[in-house]
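Structure record follows, encoded as structure tokens.
The values are calculated or read from the model by the stated rules, or taken from the named source; none is laboratory data. It should be emphasised that the depicted structure is a prediction, and the values quoted were computed from it without experimental measurement. Positions of Cβ are generated from backbone atoms using ideal geometry, with glycine treated the same way; all protein chains shown enter the neighbour counts. Side chains included, ligands, DNA and RNA excluded: accessible areas come from the protein's heavy atoms. Shrake-Rupley method; radii C 1.70, N 1.55, O 1.52, S 1.80 Å.
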Amino acid sequence: TQLLEQSPQFLSIQEGENLTVYCNSSSVFSSLQWYRQEPGEGPVLLVTVVTGGEVKKLKRLTFQFGDARKDSSLHITAAQPGDTGLYLCAGVFGNQFYFGTGTSLTVIP
Amino acid sequence: DVKVTQSSRYLVKRTGEKVFLECVQDMDHENMFWYRQDPGLGLRLIYFSYDVKMKEKGDIPEGYSVSREKKERFSLILESASTNQTSMYLCASSLGGQPQHFGDGTRLSIL
């Protein structure tokens, strides 16, 4: 049983389109982290959200933490080929990390 | 910047061999982790360690052991490698619940 479910699992879109990736759980987390992993490399942190309802923006990426701190979303505006990669969410409780299964995004030029 | 270094990017071993995967971090993080990553299964935690000589089983410890003799080094050991252990192995470190810093991974093939 996966504690954190991500959807969709795969996403292929044209350059310039918008997209949203979801990370859902029935558990409450003290914080939630989003990572991006490019082929042949390890995941790299994009953002951490801590407060319920928090919204953070990183250029064209918008991250939101659910009010109940059980879920999160990542919205990308006007996707670029450089956004291609595997997006992972991770819920944190104390020293424990719970990773989602990931969303593999391909942006076609 | 935190640097997590895994000893090999690619490794090919034979069934039954004892395999050592090494990981070193340079930021004095107390937490270190070993994951394996397989298509469709995400990151699965094998073992983690909160301090020197301490280790805790993750979700899939069977067939693996670990060693943490020094704070900066966390080794993953496949006691007798099997083909179902062919995978990408990722090491990470963190300070408490702060974000994890990952190495670039070791792609291990067991023939």
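A few comments on the model shown:
- Any chance A:THR62 is in contact (Cβ under 8 Å) with a residue 24 or more places away in the chain and open to solvent by 10 Å² or more (accessible area, probe 1.4 Å): no
- Count of residues meeting criterion [open to solvent by 10 Å² or more (accessible area, probe 1.4 Å) and not hydrophobic (A, V, I, L, M, F, W, C)] in region B:88-106: 6
- Residues that are facing chain A (nearest Cβ under 9 Å), under 20 Å from B:GLN85 (Cβ atoms) and outside any strand (DSSP E or B) within region B:40-68 comprise B:GLY40, B:LEU41, listed in sequence order.
Residues are listed down the side, and each one gets a yes or a no for (1) crowded, with 21+ Cβ neighbours inside 10 Å; (2) within 10 Å of the chain's Cα centre (by Cα); (3) of a type in the set (S, T, N, Q):
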residue: B:VAL12; (1), (2), (3): no, no, no
residue: B:ASP28; (1), (2), (3): no, no, no
residue: B:MET32; (1), (2), (3): yes, yes, no
residue: B:TYR47; (1), (2), (3): yes, yes, no
residue: B:GLY58; (1), (2), (3): no, no, no
residue: B:GLU62; (1), (2), (3): no, no, no
residue: B:PHE74; (1), (2), (3): yes, yes, no
residue: B:SER82; (1), (2), (3): no, no, yes
residue: B:THR86; (1), (2), (3): no, no, yes
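- Residues of region A:81-106 satisfying the condition of being more than 9 Å from chain B (Cβ to nearest Cβ), more than 14 Å from the chain's Cα centre (by Cα) and outside any strand (DSSP E or B): A:PRO81, A:GLY82
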